[in-house]
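Notes to accompany the following structure.
The values are calculated or read from the model by the stated rules, or taken from the named source; none is laboratory data. Predicted model, so just to flag it, every value in this text is computed and none were measured. Glycine also receives a Cβ, built like all others from the backbone with ideal geometry; neighbour counts cover every protein chain displayed. Each accessible area value is taken on the protein alone, full model and side chains, heavy atoms only, with ligands, DNA and RNA left out. Shrake-Rupley method; radii C 1.70, N 1.55, O 1.52, S 1.80 Å.
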2 protein chains.
Amino acid sequence: MGKPTVHDIAKEAGVSLATVDRVLNARPGVRDKTVERVQAAVQRLGYVRDTFAANLARQRQYRFAFVLPEGESQFVGTLKDALLEATEAQMAERVSVRVVPVPSYDPHSVVRALNALPVPLLDGVAIMTPETPQVRDAVARLKAAGVPVVALVSDLPNSGRDHFVGINNLSAGSTAGVLMGRFIGAAQGKVMVVTNSILARDSIERRLGFDAVMAESFPGLTVLPSIESRDDPERMVAVIRHAVTAHPDLAGVYSMGSGNRGLLQALRETGRIGDLTVIAHELTPLTRVALQEREIDAVITQNVGHLVRSALRVLRAKCDGVGIFEAQERIRIDIVIRENLP
Amino acid sequence: MGKPTVHDIAKEAGVSLATVDRVLNARPGVRDKTVERVQAAVQRLGYVRDTFAANLARQRQYRFAFVLPEGESQFVGTLKDALLEATEAQMAERVSVRVVPVPSYDPHSVVRALNALPVPLLDGVAIMTPETPQVRDAVARLKAAGVPVVALVSDLPNSGRDHFVGINNLSAGSTAGVLMGRFIGAAQGKVMVVTNSILARDSIERRLGFDAVMAESFPGLTVLPSIESRDDPERMVAVIRHAVTAHPDLAGVYSMGSGNRGLLQALRETGRIGDLTVIAHELTPLTRVALQEREIDAVITQNVGHLVRSALRVLRAKCDGVGIFEAQERIRIDIVIRENLP
DNA sequence: GGCATTCTGATTGACGTACCTCAGAAACCT
DNA sequence: AGGTTTCTGAGGTACGTCAATCAGAATGCC
């Protein structure tokens, strides 16, 4: 026989359909004893509500907002593409998404954008932005208004967000460290670390993980202080050129952030490309080509498709007050080399 | 306004609901001209059928069978667990799955099991089994009976299977090769390759990819002929012991199949563990621990959760005659080291 | 016991689709 | 024109749930 329905529950509990409905939807007007009887019946029969029938009946539409940094970052670009693709594929699943671009470098406009969200018209928000106290407060306000919030890519701990969708950046840094050490192979040498901003939470965490591994497992390799590129390719070129001459025993470069265009350009200009071990983050059209051309040795990345699908699933689950399927929502740290390029 | 419904289509095309229904479900009894009018209306309004409402209405139950090798393989074990977990989570999505265990080493019983499937009670089959001409024929029979078939983990080309859910084993072998070469670091040395059966399709493909990379990128490393363990730990121990003494310059071991228990035991006994670079396939409780203990340097794997979810999605799509979302169904070759263990 | 209050049952109409029947319209064939 | 076949329309029931109404039962209170 098939799955139990509300009718079966009603029969089993010896109450009417209306009462079952009231219990299931936590509506008032049912005595405690009756509530228990119904819940016992639900347990016994192993009833699970048919979410689709329910959504059909209540004409549900999940309206989500994704607050993403604007700008020319290829990573955010692929993320946005994945989001559009996923929502298109899920149109049948009654999900509509709007992307809210914010200038990420300006905490004030981020907060303004968050506060300007049309809360009563929203069922959930995904946020990818650096953590500031103001952002934390804005998230808390959203939560207080009853809107589920998930942090995307970069966590917002202590903000009361419902969930974090992204990788553990400490582990990502450690992973990069091991690959760097083993790929270099030599016992001695220097490793350069570059990033967009040394203040970004993910950069800090990656650096910590990277340093820990290098210190423990590859003591012969010296890791130089992080260098900031601040999204400026020119600056990156200058910095790399200087480093290459200043450190003749430079053996590797770890790019923690997203300024890979400038990095590659600089390496090409200095003629050290293919010679240094280069490890970068995020698989984008740029890093993909660089992997194929053997200009980058490995990319540590997170699958943007998984990211957005996970965010959507989690938001939906939070809306429905349903538990999430942990194993499916754990975003993995992908190691991509030329040979396993997806 | 919301998504268009069949009612909107009927109005737009100037026909009745019944006619729209006949057209949408390819039922007979509609003139060609009318069919065109309806399809034009579908195009114009951008109608997409609400699959869930449809399934609700037709009381659809997707009944799938998974034909999996029986035996004590940990990989198959985790796969089965993932399958149960996924179907439990998807119970609300009207899928029921039964696992059909077959003795994989016996092609005859595989074929017998395939032919014994209760075809009229099945909506789709996923098969994980070595490829033989008889299996190909059995798959063709299933297809002929109108049952969608997907190959799982190990492809069945030329069998007419609808889809292959799994990784490209040639690339997986190449990936292992690059990691092996770079992890070893030394210019000279020997590499041993072990597998369960040198006849399995996946082993053959992995070996090809591995050899290609080693020959091209690490000419100083000598790859020894594949050694078969035939699921026998004793045999594995003997083989490894012999290899270690016969090749004092042994630098690495590549385990292509699933006999990792014997391999690890043998390496421990010979005292060479932690000294050799070891690369294995499939993340299981066993390899997970070995990674943590630094007994294995890297594991090439495929996420069993993705595998089964993908198989289920593809089967459902085939049942519904709907296209699949390619990007989501591409199974990635995961590289797992100690630091990015999920 | 009478009354107000709180629970409960029975019923109904959505939601978007599938599938069925039956009658009647339109087209085809001689 | 007549009869036959092929199309089409109208309408119904069902699926599992939500939401609402209204009448009636049970309970509490004095």
Inset, instruction - May I ask for the Kirkwood hydrodynamic radius of the range B:110-177, worked out over all distinct Cα pairs and given in angstroms to one decimal? - result: 12.5
Legend entry - 3J(HN,Hα) from dihedral phi, the range A:117-122, Karplus parametrisation 6.51/-1.76/1.60, rounded to Hz, x for glycine, proline: 4, x, 3, x, 9, 10
Inset, instruction - Put a label point 7 Å from Cα along the Cβ direction on B:Pro225, then list its distances to the equivalent points in the other copies in nm, shortest first. - result: 6.0
Inset, instruction - Pick out, from A:Gly181, B:Val99, B:Ser203, the residue whose Cα sits farthest towards the positive end of the charge dipole of the protein assembly as shown, with +1 on the Cβ of Lys and Arg and -1 on the Cβ of Asp and Glu. - result: B:Val99
Inset, instruction - Could you give the size of the charge dipole of the range A:244-342 about its Cα centre, using +1 on the Cβ of each K and R and -1 on the Cβ of each D and E, expressed in debye and rounded to the nearest 20? - result: 400
Inset, instruction - Kindly give the distances from B:Val35 to its copy-mates, label point to label point, with each label point 7 Å from Cα along Cα→Cβ, as nm values to one decimal ordered shortest first. - result: 5.7
Inset, instruction - Average the reciprocal distances over every distinct pair of alpha-carbons in the range A:169-301, invert the result, and give the Kirkwood radius in Å. - result: 14.2
Legend entry - Test item: B:326-338 mean partner chain Cβ contacts at 10 Å: 5
Legend entry - For B:Pro103, label point 7 Å along C-beta direction: distances to other copies, nm: 7.3
Legend entry - Between 0 and 90°, nearest 10: helix A:201-217 axis offset from chain A longest Cα axis: 60
Legend entry - Relative counts (whole %) of C-alpha pair distances in the range B:227-342, using bins that are 5 Å wide: 2, 11, 19, 18, 14, 10, 8, 7, 5, 3, 2, 0
Inset, instruction - Pull up all non-local amide H partners of B:Thr277: gap of 5 or more, or a different chain, and H-to-H distance under 5 Å with H placed in the peptide plane. - result: B:Gly252, B:Val253
Legend entry - Dipole magnitude of the range B:43-101 about its Cα centre (Cβ charges: Lys, Arg +1; Asp, Glu -1), debye to nearest 20: 580
Legend entry - Under the Karplus curve 6.51 cos²θ - 1.76 cosθ + 1.60, θ = phi - 60°, whole-Hz ³J(HN,Hα) for the range A:29-43, x wherever Gly or Pro sits: x, 9, 5, 4, 4, 5, 4, 4, 4, 5, 5, 4, 5, 4, 4
Legend entry - Interface burial for B against A (accessible surface, 1.4 Å probe, total of both chains, Å², rounded to 100): 3900
Legend entry - Calculated log₁₀ intensity ratio I(q)/I(0) where the Debye formula runs over C-alpha points of the range A:34-151, q = 0.17, 0.23 Å⁻¹: -0.90, -1.28
Legend entry - Computed [θ] at 222 nm, helices only, for chain B once each DSSP H run of length n ≥ 4 contributes -39500 (n - 2.57): -14500 deg cm²/dmol
Inset, instruction - Mind ranking B:305-313, B:16-24, B:61-69 by how tightly packed they are, going by the mean number of other C-beta atoms within 10 angstrom, highest first? - result: B:305-313, B:61-69, B:16-24
Legend entry - Positive dipole terminus of chain A, leading residue within A:Ser16, A:Ile273, A:Ile337 (C-beta point charges): A:Ser16
Inset, instruction - Starting from the Cα coordinates of chain B, work out the convex hull volume and express it per residue in Å³. - result: 165
Inset, instruction - List the lysines whose Cα lies under 20 Å from the Cα of A:Lys11, skipping any in the same chain that are fewer than 8 positions away. - result: A:Lys3, A:Lys33
Inset, instruction - Skip the ligands, DNA and RNA, and give the accessible area per residue of the protein assembly as shown with a 1.4 Å probe, whole Å². - result: 45
Inset, instruction - Return the average number of partner chain Cβ atoms within 10 angstrom of each residue Cβ along peptide A:14-20. - result: 0
Legend entry - Between helix A:169-184 and chain A: long-axis angle, C-alpha atoms, 0 to 90°, nearest 10: 30
Legend entry - the range B:1-47: mean projected area of Cα convex hull, nm²: 2.9
